[in-house]
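A quick write-up on the structure given underneath.
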Amino acid sequence: MPRLPPNQRLTTNFPVLHFGKVPEFDSKTWDFRVEGLVENPVRLTYDELLALEKTVDVSDFHCVTGWSRFDNKWEGIRFSDLAKLVRPKSNARFATIEAEGGYTTSLALSELMEPDVILAYNFEGKPLEPLHGGPLRLVVPKKYAYKCAKWVRKVVFTEKKELGFWEQRGYSDSADPWKEERYSY
Ligand SMILES: Nc1nc2c(c(=O)[nH]1)N[C@H]1C(S)=C(S)[C@@H](COP(=O)(O)O)O[C@H]1N2
Ligand SMILES: [Mo]
């Protein structure tokens, strides 16, 4: 099986792509919240987040505009470990990821529970730089990268799907690069 999804081209640099401006980060005031349909909602400081069990995962990254980047080494908390901590209620089916400045995306819990889905704070062994979503970004290797929200501040477990920022603007909600699910029409 080829490693490059259909109609993608390989890049070795790391393009920067986002809507709006890069937010300021102050580790003293920054927090990360997990709430919604969970038994144990949490609010974590940056230091508390770093103290949770770490996972390293190397994965490929595919932007819907056509570039792909191989072998990205992310380190952070595995989404499934986070779910263990907050304990989703039985009616939780989806999660909405809320980032700084109003960017959102959402996924089914079944997709988020894949072992390669990480809330990453390190990249290539160093703290993730703000341009690429530092201090915290979601990494979902099996989806186009608009699912990989940068500057994540909150995860909300929901019963119904809440369409994300790009997904409301004509991009595919399923976003599978191998099936070339780029647009919703
Ligand atoms: N908060 C936020 N996250 C975002 C985006 C954005 O506009 N805002 N753009 C997405 C898109 S379309 C891509 S391709 C990747 C780009 O990540 P990079 O800038 O680290 O390459 O971020 C994703 N995450
Ligand atoms: Mo993208």
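The values are calculated or read from the model by the stated rules, or taken from the named source; none is laboratory data. Note that the structure is a prediction, hence the values are computed from the model and not measured. Methodologically, a virtual Cβ is constructed for each residue, glycine included, from the backbone with ideal geometry; neighbour enumeration extends over all protein chains shown. Side chains are part of the model used for accessible areas, which takes the heavy atoms of the whole protein and leaves out ligands, DNA and RNA. Shrake-Rupley method; radii C 1.70, N 1.55, O 1.52, S 1.80 Å.
For region 126-178, what are the residues that are loosely packed, with under 15 Cβ neighbours inside 10 Å, among the charged types (D, E, K, R) and closer than 16 Å to L107 by Cβ?
E159, K160
Would you check if G164 is farther than 21 Å from P6 by Cα, within 16 Å of ligand 1 (Cβ to nearest atom), assigned to a helix (DSSP H, G or I) and in contact (Cβ under 8 Å) with a residue 40 or more places away in the chain?
no
Of all the residues that make up region 117-134, how many are more than 20 Å from A83 (Cα to Cα) and outside any strand (DSSP E or B)?
The qualifying residues number 9.
Restricting to region 16-51, what's the tally of residues that are in a loop (DSSP other than H, G, I, E, B), open to solvent by 40 Å² or more (accessible area, probe 1.4 Å) and not aromatic (F, W, Y)?
15
Return yes when G133 is out of contact with any Gly (no Cβ under 8 Å at 6 or more places or on another chain), at positive phi and within 13 Å of ligand 2 (Cβ to nearest atom) and no when it is not.
yes
How many of the residues making up region 99-116 are assigned to a loop (DSSP other than H, G, I, E, B) and near ligand 1 (Cβ under 10 Å from one of its atoms)?
The total comes to 1.
Do the conditions hold for G76, that is, is it within 16 Å of ligand 1 (Cβ to nearest atom), outside any loop (DSSP other than H, G, I, E, B) and more than 15 Å from the chain's Cα centre (by Cα)?
For G76, the condition - within 16 Å of ligand 1 (Cβ to nearest atom), outside any loop (DSSP other than H, G, I, E, B) and more than 15 Å from the chain's Cα centre (by Cα) - is not met.
Kindly indicate whether S90 is under 11 Å from the mean Cα position of the chain (by Cα), outside any helix (DSSP H, G or I) and either within 13 Å of ligand 1 (Cβ to nearest atom) or at pLDDT 95 or above (or both). Please lay out each step first, then the result.
Values: under 11 Å from the mean Cα position of the chain (by Cα): no; outside any helix (DSSP H, G or I): yes; either within 13 Å of ligand 1 (Cβ to nearest atom) or at pLDDT 95 or above (or both): yes.
Considered against the rule, which asks whether it is under 11 Å from the mean Cα position of the chain (by Cα), outside any helix (DSSP H, G or I) and either within 13 Å of ligand 1 (Cβ to nearest atom) or at pLDDT 95 or above (or both), S90 comes out as no.
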